[in-house]
Amino acid sequence: MHKNFRLLTTITLLVILLSIMIIWLFSGNLRLKAKEQETISVGGETTLSLSIKQLTQDPKTKEIPLALSIVSTKDSDRVQVTWEVPKEMEIIGESSFFTTVKVGTPRVIQTNFLVHSAGRFEVKAKVQIFGADVNYVSSTSYTVPVGNTLEVLPLSDEYLAAKRSYQTQEVLKYLGIGSVILAVVVVGGIVFVKWLNAED
């Protein structure tokens, strides 16, 4: 009886540890992919050059990250960025804020958005540099096509990979929870049987 109890307890602990390790590994891979997807190349020769690039959508929250890159030929610590979106979209964070720019160093600002219905939505960004003698203003826009499942269309390979990783992570999480519940039931059952035998 004691040997069976120790064997089942050991097996249960190994299952729990294995589940935790698998979940941790998949979480790390997902975070690494997200960082890789945020690498952006920008350039420009005008006083104030803007561009918007969409990064990989979050398959869990459906948040859509857009990266606004600002290239300036003037240094400034008074640069105002203003986002404008249609009523069907929501900005995660501030819609208007100040930042800084330096000559030769692209300033990349990531902002996340949520869409509440399907359609094609135009996101506008306006950047204004406040100078001592003159102000510089530039704007750009980006159209986001969204399907009925609130996924950005067309579905990119990066998004599909992130979605598969998320789904796998969810399955492993529930397997881990199930393993813990099973372990508690098995150990509890063994202890209960042992207690009954001891009473006899």
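The values are calculated or read from the model by the stated rules, or taken from the named source; none is laboratory data. These numbers were taken from a predicted model, which means no experiment stands behind them. Virtual Cβ from ideal backbone geometry, glycine too; neighbours counted across all protein chains shown.
Residue count for the range 133-154 satisfying the condition of being over 19 Å from residue 67 (Cα atoms), of a type in the set (D, E, K, R) and in contact (Cβ under 8 Å) with a residue 40 or more places away in the chain: 0. Criterion applied to 102, 87, 33 was being among the basic types (Lys, Arg), within 29 Å of residue 150 (Cα to Cα) and at pLDDT 90 or above, and the one residue passing it is 87. Checking the range 101-109 against the condition returns no match, with no residue being surrounded by 14 or more Cβ atoms within 10 Å (Cβ to Cβ), within 16 Å of residue 60 (Cα to Cα) and assigned by TED's automatic domain parsing to the domain that holds residue 68.
Every test in (1) in the same structural domain as residue 57 (by TED's automatic domain parsing); (2) farther than 30 Å from residue 48 by Cα; (3) in contact (Cβ under 8 Å) with a residue 60 or more places away in the chain is passed by residue 118 save one, and that test is (3).
Consider the range 110-137 and keep the residues that are crowded, with 17+ Cβ neighbours inside 10 Å and among the hydrophobic types (A, V, I, L, M, F, W, C). The one that is nearest to the chain's Cα centre (by Cα) is 113. As a summary of the residue check, residue 154 satisfies the conditions (1) touching a Lys or Arg at 6+ places or on another chain (Cβ under 9 Å); (2) over 18 Å from residue 49 (Cβ atoms); (3) surrounded by fewer than 13 Cβ atoms within 10 Å (Cβ to Cβ) except for the one numbered (1).
Any chance the range 97-110 includes a residue that's in contact (Cβ under 8 Å) with a residue 60 or more places away in the chain, in contact with a Gly (Cβ under 9 Å, 6 or more places away or on another chain) and not charged (D, E, K, R)? Within the range 97-110, one or more residues are in contact (Cβ under 8 Å) with a residue 60 or more places away in the chain, in contact with a Gly (Cβ under 9 Å, 6 or more places away or on another chain) and not charged (D, E, K, R).
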